[in-house]
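Structure, as structure tokens:
The values are calculated or read from the model by the stated rules, or taken from the named source; none is laboratory data. Everything numeric here is computed off the predicted structure, so don't read it as measured data. Here the Cβ positions follow ideal geometry from the backbone for every residue, glycine too, while neighbour counts run over all protein chains shown.
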Amino acid sequence: MNLFPELRKSFIASLWFMFLTFPIMVIRVNTIENIVEWRWMNLVFVGIGSFFLSWLWRYLLSRKEMGVNKKTDDQDRTSLVSRLMKNKQLIIPAAALLAIFTIIFPHIFSTYQTSIMITALIYVMLGLGLNIVVGLAGLLDLGYVAFYAVGAYAYGLLNYHFGLGFWTALPVGAALGALFGILLGFPVLRLRGDYLAIVTLGFGEIIRLILENWNEFSFGPSGIANIPRPSFFGMDLSIQWATVYIYYIVIGICCITIVIVGRLQDSRIGRAWIALREDEIACQAMGIDKARTKLNAFALGATWAGMAGVVFAAKTTFINPASFTIWESIIILCIVVLGGMGSVVGVVSGALVLILLPEYLRAFSEYRLLIFGAILIFMMVFRPGGIVSDVRRVYRFESSAMDDKPQEYS
Amino acid sequence: MLKISDVKTYYGNIQALKGINVEIAQGEIITLIGANGAGKTTTLMSVSGIVPPRSGDIFFEGNPITGLKPHEIVELGICQVPEGRHIFPYLTVLENLDMGAFLRKDADGVRQDRDYVFSLFPILANRRHQAGGTLSGGEQQMLAISRALMARPRLLLMDEPSLGLAPLIVRQIFGIIKKINEESRTTIFLVEQNANLALKIAHRGYVMENGRITQTDTAADLLNNEDVRKAYLGV
């Protein structure tokens with residue numbers, strides 16, 4: 001790395017930052033004493049800070065580019081995590097430890113921690129569901145939160161009108177999610193990319209607006225309160241124990257989700273999704289039913305959102321349309337993209353990082369979201385494939401007729 | 001085997017095919033030649049159902065296939081090598097081939113066919129764990145042809161296999177197309193700009209202009225036809 005021009009660039013960057021942040025960092029109007037305070041020290045801090053950060057940024061970028069050149073073909077395909085995951089001796093004790101940790105988690109941590117964890121696990125389900133649509137089938141869905149809302153309201157309303165319990169509402173919510181997935185799927189069968197994103201965005205908003213404005217049906221912005229937590233074999237639990245109980249339920253559903261999504265990925269449907277993502281014309285030429293594959297993806301993706309919605313309603317005991325804004329869709333999409341599209345482990349870790357991080361960053365109070373945003377940018381620049389990028393199963397070629405000798409290309 | 005009768009196909013308001021009649025017998029290589037925009041690709045797209053014709057009929061082995069969905073047509077045994085290759089760029093060569101056999105359930109037959117296409121294109125066997133997008137243009141074309149063969153089609157539709165390839169590789173690929181036709185009796189419907197080479201391996205040919213078939217003859221006669229030589233062979 002050529003030092004001098006790099007330092008000069010960093011210097012210019014820091015000057016620019018000092019200029020940009022001048023009005024908010026330096027000038028403060030004290031309205032009580034009617035004076036303007038000039039905090040020149042802040043300018044110095046911003047200058048030094050941005051200079052070093054910019055230099056660090058350039059240094060990391062140049063290192064990244066050099067690193068790509070050094071990597072051989074073999075290393076390029078598998079990241080450190082996926083290589084660790086292949087190591088059988090390591091994976092079994094690690095998995096056992098993880099299992100024990102998850103089981104005793106609510107007993108060693110406070111109800112508050114457990115409650116955060118439940119939220120994170122709900123997002124794991126949402127992320128895995130959206131991963132089917134976005135990661136595998138390559139259909140950009142910005143209205144995914146609509147299915148989440150459908151699930152939550154399914155439980156809320158069914159319980160309010162008919163007194164249905166959690167366990168009955170769970171499959172109903174899943175089925176309704178799937179139904180709405182197909183409902184959205186039909187009009188967008190011919191769309192792709194940006195157009196699809198906009199239509200799904202509209203769909204998500206329509207569902208939210210209906211819930212907000214159709215007072216007779218959904219009780220409008222005031223929402224539905226007093227939704228019962230799941231009862232334990234007919235017993236009503238205290239809040240503390242109900243939280244623990246929901247925690248175990250979510251863990252269970254998450255495990256089932258992971259297994260099913262993992263199996264789907266390697267199935268015929270999964271291969272059809274991947275083909276659809278890669279090339280639509282080729283996909284048709286290979287005899288894959290495009291319409292059915294797309295509808296499958298939407299329906300199966302939405303199923304998990306519906307279930308997550310039911311769990312969410314049971315956990316918070318109160319739902320209103322404010323919980324189902326476009327921001328939620330974006331967060332779920334971030335989980336999928338940041339975790340690693342198409343990779344189950346990636347999506348799980350993405351959900352945990354993205355949901356737990358803002359909670360634990362509360363110590364930084366108002367800078368919380370700033371730091372969060374910076375981490376997102378950093379992640380995408382330095383690990384564009386996600387935390388754990390997708391490594392598809394490698395099929396070994398079993399025939400011995402073809403040897404590995406390089407053959408003359410004539 | 002395949003009979004296209006009075007097919008008219010539109011893209012929106014624009015009529016691409018103005019009543020096409022083509023007949024292909026079992027085991028033949030038929031080539032469709034013509035200038036850019038004549039409607040060659042549209043003819044193939046109409047047969048494979050990706051762009052369904054607005055009127056006219058297409059029969060495959062005596063049964064009408066007009067109006068069927070693309071995947072139903074593939075199931076009947078018509079497979080297309082799309083123009084511009086359209087391989088799956090992030091799947092490996094092996095996975096690409098597996099996608100070709102998507103509708104088949106006979107694992108043994110699939111394995112046999114995989115060995116067969118590797119014997120046709122040994123270079124693909126060397127590259128079998130490489131992502132499709134990292135192959136050279138010629139290799140990608142080979143992969144596209146192999147992938148279509150994995151469906152074990154009775155009628156293979158090929159759209160410009162010579163597109164953007166070096167003359168040497170084009171000749172190699174055409175040699176293999178002839179070989180596929182001779183060895184497995186696969187009927188081939190070849191759409192080509194490179195009229196000279198296409199007519200050399202084909203049995204019969206059709207000449208297309210502005211959405212109409214203007215001439216049809218045996219390939220040898222077309223090669224000697226004064227008009228065709230002037231218009232398409234550049235002699």
Considering only residues that are assigned to a loop (DSSP other than H, G, I, E, B) and without any contact (Cβ under 8 Å) to a residue 40 or more places away in the chain, look in region A:251-287 and name the one that is farthest from the other protein chains (Cβ to nearest Cβ). A:267
Hey, among B:202, B:144, which residue is at pLDDT 90 or above, away from every other protein chain (no Cβ under 14 Å) and surrounded by 15 or more Cβ atoms within 10 Å (Cβ to Cβ)? B:202
Which of the numbered conditions does residue A:276 fail, given that it passes all the others? Conditions: (1) of a type outside the set (D, E, K, R); (2) touching a Cys at 6+ places or on another chain (Cβ under 7 Å); (3) more than 28 Å from residue A:326 (Cβ to Cβ). (3)
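Restricting to helices (runs of 4 or more DSSP H) lying wholly in region A:1-95: which have 2 or more residues that are modelled with pLDDT of 85 or more? Walk me through it before giving the result.
On the way: elements: A:3-21, A:40-70, A:73-77, A:80-86.
In region A:1-95, A:3-21, A:40-70 are the helices (runs of 4 or more DSSP H) which contain 2 or more residues that are modelled with pLDDT of 85 or more.
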Checking the conditions here, which among A:129, A:138 is touching a Phe, Trp or Tyr at 6+ places or on another chain (Cβ under 7 Å) and not aliphatic (A, V, I, L, M)? A:129
Meets criteria (closer than 30 Å to residue B:171 by Cβ, among the β-branched types (Val, Ile, Thr), within 14 Å of chain A (Cβ to nearest Cβ) and within 17 Å of the chain's Cα centre (by Cα)) for residue B:87: yes
Among the residues of region A:223-240, are any within 14 Å of chain B (Cβ to nearest Cβ), crowded, with 20+ Cβ neighbours inside 10 Å and more than 26 Å from the chain's Cα centre (by Cα)? no
Looking only at region B:99-110, and only at residues there that are of a type in the set (D, E, K, R) and either facing chain A (nearest Cβ under 7 Å) or outside any helix (DSSP H, G or I) (or both), the one that is surrounded by the fewest Cβ atoms within 10 Å (Cβ to Cβ): B:105
As an exercise: evaluate residue B:159 against (1) within 14 Å of chain A (Cβ to nearest Cβ); (2) over 12 Å from the mean Cα position of the chain (by Cα) and give the number of the one condition it does not meet. (2)
Under 26 Å from residue A:206 (Cβ atoms), among the aliphatic types (A, V, I, L, M) and part of a helix (DSSP H, G or I): which single residue out of A:335, A:377 fits that description? A:335
Top-ranked residue in region A:190-236 [being among the polar types (S, T, N, Q) and out of contact with any Leu (no Cβ under 6 Å at 6 or more places or on another chain); ranked as modelled with the highest pLDDT]: A:213
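Going through B:47, B:74, B:81, B:22 one at a time, which residue ends up being modelled with pLDDT of 90 or more, of a type in the set (A, V, I, L, M) and in contact with a Gly (Cβ under 8 Å, 6 or more places away or on another chain)?
B:74
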Kindly list the number of the only condition in (1) touching a residue at least 12 places away in the same chain (Cβ under 8 Å); (2) assigned to a loop (DSSP other than H, G, I, E, B) that fails for residue A:300. (2)
Condition first: touching a strand residue (DSSP E or B) at 6+ places or on another chain (Cβ under 8 Å) and in the same structural domain as residue B:23 (by TED's automatic domain parsing). Can you find one or more residues in region B:168-179 that meet it? yes
Scope region B:52-63; condition surrounded by fewer than 24 Cβ atoms within 10 Å (Cβ to Cβ) and in contact with a strand residue (DSSP E or B) (Cβ under 6 Å, 6 or more places away or on another chain); matching residues: B:54, B:55, B:56, B:57, B:59, B:60
Scanning region A:182-193 for residues that are free of Cβ contacts under 8 Å to residues at least 12 places away in the same chain and more than 17 Å from residue A:149 (Cβ to Cβ), which turns out surrounded by the most Cβ atoms within 10 Å (Cβ to Cβ)? A:191
For region B:120-235, which strands (runs of 3 or more DSSP E) that fit wholly inside it have 3 or more residues that are hydroxyl-bearing (Ser, Thr, Tyr)? B:212-218
For the condition surrounded by 21 or more Cβ atoms within 10 Å (Cβ to Cβ), among the acidic types (Asp, Glu) and out of contact with any strand residue (DSSP E or B) (no Cβ under 8 Å at 6 or more places or on another chain), what is the one hit in B:139, B:183, B:160? B:139
